[in-house]
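The block underneath contains the structure these notes are about, expressed in structure tokens.
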Amino acid sequence: MADYRLSSAHCHSNLCDGKNTLQDMALAAWKQGMQTLGFTGHSHTPCDLEYCMSPGRTSQYKADITRLKAQYAGKLEILCGLEWDQFSDTDPAGYDYFIGSVHYICGPKTGRYYEIDWREQDLQECMDNEFDGDGLAMAEHYFAQVEKVAEKHPDILGHFDLIKKINGEGKFFDEASPRYQQAALHALEKAFAGCKLLEINTGAVSRGFRKDFYPADFLLAKWHELGGDVIITSDSHSTDTLTAYFDEAAEAARKAGFTRVMVLTGHGFEPCEL
């Protein structure tokens, strides 16, 4: 029977921005008694020089995972997934599954690419240069991009409200603002047409950026109302966070009205009753 505690579907290695090798991640998953490990390296994106896989690393990624699948056959199901970015030039069709995510804003005024989830300076410059200092306009633009990613029909829609990651105590925009919440809810409803599986992502909590998960509670409740499914993911970048805060995420799902979560297995996505 599928168990959300024994499967991790959103993981990164040092071939992109993770800390550990694919081999180290697989060994840790096996030692922790996990049943399924899905790698989701960041897809090559021409605008990025920091954390996405290069074409060479993408080839190595695929080859290494193929070897790991054989090495752990019968002990641990390993899947070759991809975290696909809206500006990526990689075809996600060649992978076992893919997560659709937005990590950048392409400035509507300058065409410059701004990474939204790492340095406050980048987000500040994006807001000032592209949106005349209006953080809510920046958030609205971000959510419009999430809608476009969902049109690609990803297997999982990734960290839906990532734009809030380094927002802190509302440094760039008010997350309680009706304008912000309306933009997020509108995008969520539009995204539902392209993807029915939304991740509850614990990564920002395990890495100390936030005290709450992606998506926010009001979005999770709306997703339940729409009839969507959820999957608990860690967005793990190291061997010690493969299933970090999974029980807390399950409780958040219950509070939103969900009675089950989907789980990645060697046979696809299967339900796990909560």
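Key figures
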{"quantity": "Checking THR36 against (1) out of contact with any strand residue (DSSP E or B) (no Cβ under 6 Å at 6 or more places or on another chain); (2) open to solvent by less than 20 Å² (accessible area, probe 1.4 Å), the condition it does not meet", "calculated": "(1)"}
{"quantity": "Pairs with Cβ under 7 Å, 6+ apart, first in segment 141-169 and closer than 18 Å to SER206 by Cα and in contact (Cβ under 8 Å) with a residue 24 or more places away in the chain, second surrounded by 21 or more Cβ atoms within 10 Å (Cβ to Cβ) and β-branched (Val, Ile, Thr)", "calculated": "GLY158/ILE99; PHE160/VAL146; LEU162/VAL102; LEU162/ILE116; ILE163/ILE116"}
{"quantity": "Some residue of segment 7-26 being touching a helix residue (DSSP H, G or I) at 6+ places or on another chain (Cβ under 6 Å), more than 13 Å from THR241 (Cα to Cα), assigned to a loop (DSSP other than H, G, I, E, B) and open to solvent by 10 Å² or more (accessible area, probe 1.4 Å)", "calculated": "yes"}
{"quantity": "Pairs where the first residue, in segment 251-274, is farther than 13 Å from ASP229 by Cβ and the second is open to solvent by 30 Å² or more (accessible area, probe 1.4 Å) and among the acidic types (Asp, Glu), C-beta under 9 Å, 6+ apart", "calculated": "ALA252/ASP212; ALA252/ASP217; LYS255/ASP217; THR265/GLU77; GLY266/GLU77; HIS267/GLU77"}
{"quantity": "Selection count, segment 244-269, where residues are under 19 Å from the mean Cα position of the chain (by Cα) and not in a helix (DSSP H, G or I)", "calculated": "9"}
{"quantity": "Residues located in segment 63-93, provided they are under 19 Å from the mean Cα position of the chain (by Cα) and not aliphatic (A, V, I, L, M)", "calculated": "CYS80, GLY81, GLU83, TRP84, ASP85, GLN86, PHE87, SER88, ASP89, THR90, ASP91, PRO92"}
{"quantity": "For THR66: the one exception among (1) out of contact with any Ser or Thr (no Cβ under 9 Å at 6 or more places or on another chain); (2) at pLDDT below 95", "calculated": "(2)"}
{"quantity": "Filter result for ASP48 (among the charged types (D, E, K, R), under 18 Å from the mean Cα position of the chain (by Cα) and open to solvent by less than 50 Å² (accessible area, probe 1.4 Å))", "calculated": "yes"}
{"quantity": "TYR104 being of a type in the set (Phe, Trp, Tyr), buried (at least 17 other Cβ atoms within 10 Å of the Cβ) and on the phi < 0 side of the Ramachandran plot", "calculated": "yes"}
{"quantity": "Single condition ILE116 does not satisfy, out of (1) among the β-branched types (Val, Ile, Thr); (2) over 26 Å from ARG179 (Cβ atoms); (3) surrounded by 22 or more Cβ atoms within 10 Å (Cβ to Cβ)", "calculated": "(2)"}
{"quantity": "Residue match in segment 65-88 (condition: of a type in the set (Lys, Arg), outside any helix (DSSP H, G or I), open to solvent by 70 Å² or more (accessible area, probe 1.4 Å) and farther than 21 Å from LEU157 by Cβ)", "calculated": "yes"}
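The values are calculated or read from the model by the stated rules, or taken from the named source; none is laboratory data. Worth saying up front: this structure is predicted, and the values here are computed from it rather than measured. Please note: Cβ atoms are built from the backbone with ideal geometry, for glycine as well, and neighbour counts cover all protein chains shown. Accessible surface areas use protein heavy atoms only, side chains included; no ligands, DNA or RNA. Shrake-Rupley method; radii C 1.70, N 1.55, O 1.52, S 1.80 Å.
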